[in-house]
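The values are calculated or read from the model by the stated rules, or taken from the named source; none is laboratory data. Given the structure is predicted, the values throughout are model-derived calculations rather than measurements. Because the Cβ atoms are built from the backbone with ideal geometry, glycine has one as well, and the counts that use them run over all protein chains shown.
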Amino acid sequence: MDAVRANLGGFQVKICGVIQYANLFGVAIGYTIASSISMAVNRSNCFHKQGHQAACNVSSTPYMIMFGVMEIIFSQIPDFDQISWLSIVAAVMSFTYSTIGLGLGVAQVAETGKIEGSLTGISIGTEVTEMQKIWRSFQALGAIAFAYSYSLILIEIQDTLKSPPAEAKTMKRATLISVAVTTVFYMLCGCFGYAAFGDQSPGNLLTGFGFYNPYWLLDIANVAIVVHLVGAYQVYCQPLFAFVEKTATQWYPDSKIITKEIDVPIPGFKPFKLNLFRLVWRTIFVIITTVISMLMPFFNDVVGILGAFGFWPLTVYFPVEMYIVQKRITKWSGRWICLQILSGACLVISIAAAAGSFAGVVSDLKVYRPFQS
């Protein structure tokens, strides 16, 4: 938001702020849904004991509540600078479950000796209709876009870096390495997962491996996912927390409820800074995201909507426009036209992804009963 203000200014700053913070709110919902799926590790144990034909249905509601309670506690960490350790743990856990998922996919293909599925994707007629396949393909575009949602907090992360070397130089190198590594993992996990399951590939790839041994390895992977999401939830929500609290302080600078910090002594550690406004508002925030997650626990659809909503404006449009301003690219020049074509193509992708994801939500709501399914 500050970058847009410095380069573009005007009404675009407000548009950027609304989209960015709405997307951070949505990410919190998506992570809550994802965590509840992985927290139900007893589901994979049920399949292991009773076979993959067993009715091992598990309600996600209790697990969402558990995740929400954990986030209420971690949300009391005052600011972004103090969660670096949580971010490191989350990164290690992400590498852990990705490696397990990839390894199990390779092992499954090697064990069966054949590759499931086809280059054209799920078969029309046996599993889905032609229109359903189109909607799901669009939805998948949103899911891919969501996988790169780090752009929402890229500058906030850069602001926590120490210099020298220059923050921008360090962040550019870190971004290049991280995007390359994650893309390789995403592609390998997706390709080997589809090769292992074909048309039966689940939305959450690791839940599909619950039908096979070693089930205990699946438990480890799902625990790693939950730990990762606990940390990632905070990494994404801290900028939103900081924005609301900064705004409240500007509006009511004399309010002790908002500004007063209470030292809570902790034996062996520094006193914990407790703020009444922070305690109440962050708790309410987590409760709201948890309740919404329980009302719409559709992982693939919600992720697709979030990816579609935030991808084009925050990852493409604003960065492209700021680049044009910084480099003083002449309007209607070849370079300007190429950048606009790129932006327009990504806008079309986002619209298609949103349409497919909303179609999925409508379809799910026809059979879903809140707090019961």
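Structure values in brief
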quantity: Unique match (being assigned to a helix (DSSP H, G or I) and under 29 Å from Ser350 (Cα atoms)) among Gly105, Gly101, Gly117; calculated: Gly101
quantity: Long-range neighbours under 7 Å by Cβ, at least six apart or interchain, first residue in contact (Cβ under 8 Å) with a residue 12 or more places away in the chain and among the basic types (Lys, Arg) within the range 98-125, second loosely packed, with under 15 Cβ neighbours inside 10 Å and not in a loop (DSSP other than H, G, I, E, B); calculated: none
quantity: Candidate set from the range 124-138 (those that are in a helix (DSSP H, G or I) and among the polar types (S, T, N, Q)); member that is farthest from Ser357 (Cα to Cα); calculated: Gln132
quantity: Given (1) exposed (fewer than 14 other Cβ atoms within 10 Å of the Cβ); (2) within 29 Å of Ile33 (Cα to Cα); (3) touching a helix residue (DSSP H, G or I) at 6+ places or on another chain (Cβ under 9 Å), index of the condition Lys256 fails; calculated: (2)
quantity: Tally of residues being surrounded by 18 or more Cβ atoms within 10 Å (Cβ to Cβ) and not β-branched (Val, Ile, Thr) across the range 87-115; calculated: 10
quantity: Some residue of the range 235-245 being aliphatic (A, V, I, L, M) and farther than 22 Å from Gly68 by Cα; calculated: no
quantity: Residue in the range 199-207 that is touching a Lys or Arg at 6+ places or on another chain (Cβ under 8 Å), in a helix (DSSP H, G or I) and of a type in the set (S, T, N, Q) present; calculated: yes
quantity: Every residue from the range 321-370 that is surrounded by 12 or more Cβ atoms within 10 Å (Cβ to Cβ) and not in a helix (DSSP H, G or I); calculated: Ile329, Tyr368, Pro370
quantity: Residues that are polar (S, T, N, Q) and at pLDDT 80 or above, drawn from the range 72-90; calculated: Ser75, Gln76
quantity: Of all residues in the range 281-319 being surrounded by fewer than 19 Cβ atoms within 10 Å (Cβ to Cβ) and among the β-branched types (Val, Ile, Thr), the one that is modelled with the lowest pLDDT; calculated: Ile292
quantity: Test for Thr120: is it out of contact with any Gly (no Cβ under 6 Å at 6 or more places or on another chain) and modelled with pLDDT under 85; calculated: yes
quantity: Residue in the range 156-177 that is closer than 18 Å to Pro319 by Cα, at pLDDT below 80, touching a Ser or Thr at 6+ places or on another chain (Cβ under 6 Å) and of a type in the set (S, T, N, Q) present; calculated: no
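Listed here are the residues, each with its yes/no results for (1) over 24 Å from Ser151 (Cβ atoms); (2) touching a residue at least 40 places away in the same chain (Cβ under 8 Å); (3) assigned to a loop (DSSP other than H, G, I, E, B).
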residue: Ile258; (1), (2), (3): yes, no, no
residue: Ile266; (1), (2), (3): yes, no, yes
residue: Lys270; (1), (2), (3): yes, no, yes
residue: Arg278; (1), (2), (3): yes, yes, no
residue: Phe285; (1), (2), (3): no, yes, no
residue: Ile288; (1), (2), (3): yes, no, no
residue: Ser293; (1), (2), (3): no, yes, no
residue: Asn300; (1), (2), (3): no, yes, no
residue: Gly304; (1), (2), (3): no, yes, no
